[in-house]
Amino acid sequence: MWIDESDTTQLSQRLRVGPRELLESIGGPWQVSERIAEREMERSGTLFVGRAGPSVAILVSDDPDPDVRIGVAVGQWQGVWPLLWSLTDETALLRTPERDAPSAEVDSFLADLQQAVDAAAARKAPALVVCRYCSALVAPEHAVGEELCQACGTNVFGIVY
Ligand SMILES: [Zn+2]
């Protein structure tokens, strides 16, 4: 049995696009993340982080017709847990398609979304770390130094975070 523990379905519902169409345009998985407090004060909404690392942040506002901001995901440890995320280097500000929007409108939204997500992923890509033990591609927030993921830090070296 396969259980999808990501929040990709929730993201597709918030953006009013099909989950398959969402995956085809921007990949996944996407996770709802806790936000850095001062960012939370600025704009209400749900922050999703995803793609490799993760490297991309998508902030969906709480409005009836939500704004969608796309940018680079940057994490910040506050104490030991949890890792808090924020959206930086915004690459686009979009508006979700209206309910029952014509498919051309949804397609156009998805194309804009894809472009913005790809741009954000490209900006973070040089910072990603390839773990030399398990070959995982992780964000520096989930790495120990420049060649070790945190999971292998614990499993191989017994590092406790
Ligand atoms: Zn590893």
Hey, in the GNM for the chain with a 10 angstrom Cα cutoff, which one of P82, P29, P66 fluctuates hardest?
-> P82
About its Cα centre, how strong a charge dipole does segment 47-161 have in debye, to the nearest 20, once Lys and Arg get +1 and Asp and Glu get -1 at the Cβ?
-> 600 debye
Note to self, the chain gives a 222 nm [θ] from helices alone (DSSP H runs n ≥ 4, -39500 (n - 2.57) apiece, / all residues, nearest 500) of -9500 deg cm²/dmol
Within the P(r) computed for the chain, what percentage of the Cα pairs occupies the region above 26 Å?
-> 29 percent
Cβ crowding within 10 Å averaged over residues, with 105-111, 9-15, 50-56 ranked highest first | 50-56, 9-15, 105-111
Taking the Cβ of E105 as the centre, find all other residues whose Cβ is under 12 Å away and add up their charges (Lys, Arg: +1; Asp, Glu: -1).
-> -1
Picking from L15, I58, S103, whose Cα lies most toward the positive end of the charge dipole for segment 8-127 (charges on Cβ: Lys, Arg +1; Asp, Glu -1)?
-> I58
Among E34, E146, E42, determine the one that fluctuates most according to a GNM of the chain built with springs between C-alpha atoms less than 10 Å apart.
-> E42
Percent relative contact order of the chain, based on C-alpha pairs within less than 8 angstrom and at least six residues apart?
-> 18 percent
Fraction of the pair-distance distribution of segment 24-119 above 15 Å, Cα-Cα pairs, percent = 61 percent
Rounded tilt (10° steps) of 103-124 against the dominant C-alpha axis of the chain | 20 degrees
For segment 67-105 and segment 131-161, compute the distance between their C-alpha centroids and round to whole Å.
-> 26 Å
Collect residues whose amide H, placed 1.01 Å from N in the peptide plane, falls under 5 Å from the amide H of D67; neighbours closer than 5 in sequence don't count.
-> S61
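Any read-out appearing in this document is the output of simple, stated calculations on the displayed coordinates, not a laboratory observation. Since this is a predicted model, take the numbers as computed values, not measurements. Glycine gets a Cβ as well: all are built from the backbone with ideal geometry, and neighbour counts include every protein chain shown.
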